Amino acid sequence: MKDSMKALIFPKPWDVKCIDVDIPKPKPHEVLTEMRSVGICGSDVGIFEGNHWIVAHGPGGHGHETGAIVTEVGSEVSGIHVGDHVARMGAGYAEYSTHVNVIGHGKDELSGALPIVRNDLSMDEISFADAVGCAINCFERAEFDQIEDDNKKAIVFGLGPIGLILTKILLNHGIEVAVSEPFAHKRHIAQEWGAKTFDPYAYSRPTHGNYHVMDAIKEEFGEAHGVFEMVGKNETLLDAINLVYSGFRVMVFGAQKLMQIPYVDCRKKGVELVYPEAMVNSKANKDYWNDALNLIGSHSLDLDKLITKRISLEDAVEAFQFYDRQKWIKIIVEPFRN
């Protein structure tokens, strides 16, 4: 094996470089993996832009949406072998890594977490595990299983990868879904799956006066048992609170900064605001890695539709610098791509 590898580093906001660094050597309790398929997550873009609470300055960056193959196993590791397909790797924007994407933002950092072997899944499928786990968490925190209604309804604001996966999960559970998303290619996927779609940009002042997308959803779809705010803007949070049934839940997943909560509106309607913690549900004391991998293995999510294009590590430098939210859904970085 060669001694050096290519890796991305993010030394400061709005700066990313592709450099040569030493290939890490696995310690007795570690494995070395080739990083084959790495999704660019919205949090990675936020880290690059300097507006995310996570900081990632080391080689490989945050890079947590990874599908990898084991190339070397530490002397004290059991149950993992060279050639295994593994999930839960981190520092993925590099050709090789020994870093494990620990559960729940470091909650088990000292527990000796290892990758999860899933030889039944492809590299692309494994790379979606983190996004699918977040979507499952959002779905379960809405507690639709406790709602006694034959016509359960949900509204999703924002169709990034997690919003789209969440929409598919809701529809697969027989829940009627409406979505609000400004970009047509994302709405088209949700519509193809069976969701009712709304374009918030269509309701402009010159054409609709004071009639907004929230008014259109309420008129054409109605209120819902669960509303998911996947955008991270106060405007959509206010719309979500307006559109949820009294006494039911708004899942706030998109926020990364300070957001203002309309206390009076929430109090009058008895609305619960719930903040799902990425891959961890503290209320149920569980993480979603295995649930996500099992759901991916069921082939019920249509994940291929979300992959916009594939790029090399070198191409990823420009992808971060000129990230196009209007055109892209999921960009797959392939560190060994020529």
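The values are calculated or read from the model by the stated rules, or taken from the named source; none is laboratory data. Owing to the predicted nature of the structure, the values given are computational and were not obtained by experimental measurement. Neighbour counts are summed over all protein chains in view; Cβ atoms, including those assigned to glycine, are modelled from backbone coordinates with ideal geometry. Side chains are part of the model used for accessible areas, which takes the heavy atoms of the whole protein and leaves out ligands, DNA and RNA. Shrake-Rupley method; radii C 1.70, N 1.55, O 1.52, S 1.80 Å.
Comparing Tyr96, Gly158, Ser78 along the charge dipole axis of the range 72-166, the residue lying farthest to the positive side is Gly158, per the Cβ-charge model.
In terms of its alpha-carbon gyration tensor, the range 297-338 comes out oblate; a/c meets the 1.5 threshold, while b/c is at least as large as a/b. Per-residue Karplus couplings for the range 304-320, computed as 6.51 cos²θ - 1.76 cosθ + 1.60 with θ equal to phi - 60°, are listed in order as 4, 5, 8, 7, 7, 6, 10, 9, 8, 4, 4, 5, 5, 4, 5, 4, 5 Hz, Gly and Pro entered as x.
Extending 7 Å from the Cα toward the beta-carbon at both Tyr201 and Thr308 defines two label points whose distance is 1.3 nm. Using a cutoff of 8 angstrom between alpha carbon atoms and counting only pairs six or more residues apart, the relative contact order for the chain works out to 18 percent.
If you sort Tyr201, Tyr275 by accessible surface, 1.4 Å probe, largest first, the order is Tyr201, Tyr275. Using only the alpha-carbon atoms, how far is helix 184-193 inclined from the longest principal axis of the chain? Give it as 0 to 90 degrees, nearest 10. Around 80 degrees separate the two axes.
Taking Cα atoms only, the orientation of helix 161-172 departs from the longest principal axis of the chain by about 60 degrees. Residue separation of Ser75 and Trp53 scaled by 0.36 nm, minus their Cα-Cα distance, works out to 4.4 nm of gained length. Using helices alone, I'd like the mean residue ellipticity at 222 nm for the chain: each DSSP H run of four-plus residues gives -39500 (n - 2.57), total over residue count, nearest 500. Rounded to the nearest 500, the figure is -8000 deg cm²/dmol. Computed extension gain for Gln146 through Val45, at 0.36 nm per residue and net of the alpha carbon distance, reaches 32.7 nm. Ligands, DNA and RNA aside, Ser78 has an accessible area near 100 Å² when probed at 1.4 Å. Given their separation in residues at 0.36 nm each and the Cα-Cα distance between them, Asp120 and Lys17 gain 33.7 nm when the chain is fully extended. The trypsin sites (Lys or Arg not before Pro) found in the range 198-278 that occupy coil by DSSP, while having at most 11 further C-beta atoms within 10 Å, are Lys257. Here the contact order of the range 283-338, divided by its residue count and restricted to Cα pairs under 8 Å and six or more residues apart, works out to 39 percent.
How tilted is helix 129-141 with respect to the longest principal axis of the chain? Cα atoms for both, answer in degrees (0 to 90, nearest 10). Approximately 30 degrees, to the nearest 10.
Measuring only protein heavy atoms, the 1.4 Å probe finds Trp193 accessible over about 40 Å². Within the full protein context, the accessible area of Phe322 is estimated at about 140 Å² for a probe radius of 1.4 Å.
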